[in-house]
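To start, the structure under review is shown below, and the notes come after it.
The values are calculated or read from the model by the stated rules, or taken from the named source; none is laboratory data. In this text the structure is predicted, and so the values were computed from the model without any measurement. Neighbour counts are summed over all protein chains in view; Cβ atoms, including those assigned to glycine, are modelled from backbone coordinates with ideal geometry. To get the accessible areas, we keep the full protein, side chains included, count just its heavy atoms, and leave off ligands, DNA and RNA. Shrake-Rupley method; radii C 1.70, N 1.55, O 1.52, S 1.80 Å.
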Amino acid sequence: MSTQRLFVYGSLRRDAPGGRSDLFGDGAEFLGRGRVHGRLLDLGAYPGVVPAVTRDEQVRGELYAIRGRRTLARLDAYEDYDPRRPERSLFLRREVQVELDSGATTTAWVYWYAGPAGRGRRIASGDYLDRA
């Protein structure tokens, strides 16, 4: 069974109020909290990460080890990502560098927002839990 890493920053976080970390089922292991380089947007019902505008912009989240294709396929569907037709997806799954709070770095998948440019309000802290 293959294992891949996934960085989540919004409703898939285990500490997100009303979150959907239940979608992991038993196919994921929490590896720690960390950050990725990017700009976090509040898009209303959900957040989205887009490329950073400045060097210091970071997005806070959690890193998981995902076991099996079924778990990743379930998360792809939740994030409206179709790897066979990425041009029709709301989010794109891309591999990025993650810095853990421990100081370690690794690569992991993250869902990048692929919707209309300019939509949403920037969350300056980079933490979805600070959106209010």
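This table checks each residue for (1) buried (at least 20 other Cβ atoms within 10 Å of the Cβ); (2) within 15 Å of GLN97 (Cβ to Cβ); (3) of a type in the set (S, T, N, Q).
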residue	(1), (2), (3)
PHE24	yes, no, no
GLY32	no, yes, no
ARG39	yes, no, no
ALA45	no, no, no
Inset, instruction - May I ask you to list the residues in segment 18-50 that are part of a loop (DSSP other than H, G, I, E, B), more than 24 Å from ARG67 (Cβ to Cβ) and in contact (Cβ under 8 Å) with a residue 24 or more places away in the chain? - result: GLY38, LEU43, GLY44, TYR46
Legend entry - Contacts under 7 angstrom Cβ, first residue in segment 1-16 being in a strand (DSSP E or B), partner acidic (Asp, Glu), 6 or more apart: VAL8/GLU62
Legend entry - Meets criteria (in a loop (DSSP other than H, G, I, E, B) and either open to solvent by less than 30 Å² (accessible area, probe 1.4 Å) or in contact with a strand residue (DSSP E or B) (Cβ under 6 Å, 6 or more places away or on another chain) (or both)) for GLY118: no
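Among the candidates LEU6, LEU40, LEU31, LEU72, single out the residue that is in contact with a strand residue (DSSP E or B) (Cβ under 6 Å, 6 or more places away or on another chain) and closer than 15 Å to GLY120 by Cβ. Please lay out each step first, then the result.
Values: LEU6 fails: closer than 15 Å to GLY120 by Cβ; LEU31 fails: closer than 15 Å to GLY120 by Cβ; LEU72 fails: closer than 15 Å to GLY120 by Cβ.
Result: LEU40 is the single residue among LEU6, LEU40, LEU31, LEU72 that is in contact with a strand residue (DSSP E or B) (Cβ under 6 Å, 6 or more places away or on another chain) and closer than 15 Å to GLY120 by Cβ.
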Inset, instruction - Answer yes or no as to whether VAL59 is under 18 Å from ASP130 (Cβ atoms) and either loosely packed, with under 13 Cβ neighbours inside 10 Å or in contact (Cβ under 8 Å) with a residue 24 or more places away in the chain (or both). - result: yes
Inset, instruction - Can you confirm whether segment 88-96 contains a residue that is more than 12 Å from the chain's Cα centre (by Cα), assigned to a loop (DSSP other than H, G, I, E, B) and surrounded by fewer than 16 Cβ atoms within 10 Å (Cβ to Cβ)? - result: yes
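Among the candidates VAL96, VAL59, single out the residue that is out of contact with any Lys or Arg (no Cβ under 9 Å at 6 or more places or on another chain) and farther than 13 Å from ALA114 by Cα.
VAL96
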Inset, instruction - Test each condition in (1) part of a strand (DSSP E or B); (2) closer than 24 Å to SER2 by Cα; (3) open to solvent by 30 Å² or more (accessible area, probe 1.4 Å); (4) touching a helix residue (DSSP H, G or I) at 6+ places or on another chain (Cβ under 8 Å) for TYR64 and report the one that comes out false. - result: (3)
